[in-house]
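Everything on this sheet refers to the single structure shown next.
The values are calculated or read from the model by the stated rules, or taken from the named source; none is laboratory data. Quantities reported herein were computed from a predicted structural model and do not represent experimental measurements. Because the Cβ atoms are built from the backbone with ideal geometry, glycine has one as well, and the counts that use them run over all protein chains shown.
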Amino acid sequence: MKSKEWMLHHNLPLLMVGLICIVLVVVIWSFQLPETERRIVVGCVLVGARDDKGWNESHSIGLSNACQTYDCGFMAWEWVAESEPTVSAAVRELVNDGANVIFLTSFGYGEYMDEIARKYPHVAFFGISGEGAAKNSTTYFARLYQARYIAGIIAGAESKTGILGYVTSTPNPQVNRSINAYAMGMRVANPKARLIVRFTGSWENKAAELESVILLAEKGADVITYHEDRPYAVQEAERLGLMSIGYDAVYEKYSDRFLTAALYNWKVLYEKVLGDYMSGRSNFSNSYWLGFDEGAVDLYPLSPRVSEKTAYLASVEKQRILENRSVFSGVIYDNKGNLRCDKDERISDHELFTGMDWFIEGVEIYE
């Protein structure tokens, strides 16, 4: 009896120590397990080819570079049409393949982002359009309209006819604010200038885009810009001996008639968004919208054809934007004579991002 009592008395502390050690091991293991097993894998949904020398390649390179920075996996689905069934199918495949962060990189995807996001509550969704109303979704974009405004100043100053041409897909807030910013810059340089816009109905339709440049040139346009996935409009402007302004990124070498380009820096934007997510700082109730001051947009180096006077005016206006981020402020009338913004007012980010369904004075739609 004494032997049993002695063993119980002396072994109980050892058993307690052993149990405590086991509990500690389990707790430590349970905290470490997600870190070792849950690698961040990023899925990217593209509306075209990832090597298209245009919009889709810019996103693919920018996002894959950001993934390399943070040692994330990266996958991309190409040629995903802007319809709910195709977007849902692409997302489903990416999630099945292990993606836990999804970037939707085309405007038309935003209509379906929240609905799809709610089906995958443990996946984070980022889209360049949409509401971001689901708990696990938000929007991100760059304030390209700032660079468009400066590019418009250059185009308006260098135009000899006072008529500029703009080739783009379809009216939506993203397209409209770029058109309006470009036209505002144009009118700063030349208050009587006109901007003629031709819609093609597609983000990539080479025949329609080439035809648009020819038709705009027939209307007197001597400077051409575009808002499409590929730089077909610039290529046609070069062929016709017209001046041009680029967009998104520049992958080709052009003549000095290529005055400049309004550029995105997607790597900057993707590193910010993905970095916030990796560190737990993502706020899904607020969108990301970065501009000149964060380095998310910029201008391509000016052509030697651009005068020193024009370059100085552009630099002064860029500095003004850097100081107060204001492009759409002060008295602004639309092209139907309605007052859209008054003295000492500025158009809100919400209106710019989701509600700009009008065009400013000086914009004409090609009929």
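Quick look at the values:
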read-out: Count of residues meeting criterion [touching a Ser or Thr at 6+ places or on another chain (Cβ under 8 Å), under 20 Å from residue 287 (Cβ atoms) and of a type outside the set (D, E, K, R)] in the range 309-367; value: 2
read-out: All positions within the range 321-341 that are touching a strand residue (DSSP E or B) at 6+ places or on another chain (Cβ under 9 Å), over 22 Å from residue 196 (Cα atoms) and surrounded by 17 or more Cβ atoms within 10 Å (Cβ to Cβ); value: 341
read-out: Among the residues listed as 309, 318, the single one being touching a helix residue (DSSP H, G or I) at 6+ places or on another chain (Cβ under 9 Å), over 21 Å from residue 110 (Cβ atoms) and surrounded by 15 or more Cβ atoms within 10 Å (Cβ to Cβ); value: 318
read-out: Residue identified as surrounded by 10 or more Cβ atoms within 10 Å (Cβ to Cβ), out of contact with any His (no Cβ under 7 Å at 6 or more places or on another chain) and either more than 19 Å from residue 269 (Cβ to Cβ) or modelled with pLDDT of 95 or more (or both) among 5, 84; value: 84
read-out: Odd one out for residue 323, checked against (1) among the charged types (D, E, K, R); (2) under 24 Å from residue 173 (Cβ atoms); (3) assigned to a helix (DSSP H, G or I); value: (2)
read-out: Residue within the range 34-55 that is at pLDDT 55 or above and more than 30 Å from residue 128 (Cβ to Cβ) present; value: no
read-out: From 149, 166, residue being at pLDDT 95 or above, in a helix (DSSP H, G or I) and among the aromatic types (Phe, Trp, Tyr); value: 149
read-out: In the range 189-207, the residues that are closer than 11 Å to residue 168 by Cβ, among the β-branched types (Val, Ile, Thr) and not in a loop (DSSP other than H, G, I, E, B); value: 197
read-out: Test: residue in the range 234-251 that is assigned to a strand (DSSP E or B), farther than 30 Å from residue 135 by Cβ and of a type in the set (Gly, Ala, Ser); value: yes
read-out: Residue list for the range 274-299, filter: part of a loop (DSSP other than H, G, I, E, B) and either out of contact with any Gly (no Cβ under 9 Å at 6 or more places or on another chain) or not charged (D, E, K, R) (or both); value: 279, 280, 282, 283, 284, 285, 286, 287, 291, 295, 296
read-out: Answer residue from the range 109-146, given it is part of a helix (DSSP H, G or I) and surrounded by fewer than 20 Cβ atoms within 10 Å (Cβ to Cβ) and is nearest to the chain's Cα centre (by Cα) among those; value: 111
read-out: Filter result for the condition that a residue is touching a residue at least 24 places away in the same chain (Cβ under 8 Å) and assigned to a loop (DSSP other than H, G, I, E, B), over 215, 302; value: 302
read-out: Residues of the range 218-233 satisfying the condition of being part of a helix (DSSP H, G or I) and buried (at least 20 other Cβ atoms within 10 Å of the Cβ); value: 232, 233
read-out: Residue within the range 268-281 that is closer than 28 Å to residue 194 by Cα and surrounded by 18 or more Cβ atoms within 10 Å (Cβ to Cβ) present; value: no
read-out: Members of the range 64-73 found to be more than 18 Å from the chain's Cα centre (by Cα) and either within 30 Å of residue 201 (Cα to Cα) or buried (at least 18 other Cβ atoms within 10 Å of the Cβ) (or both), listed by number; value: 72
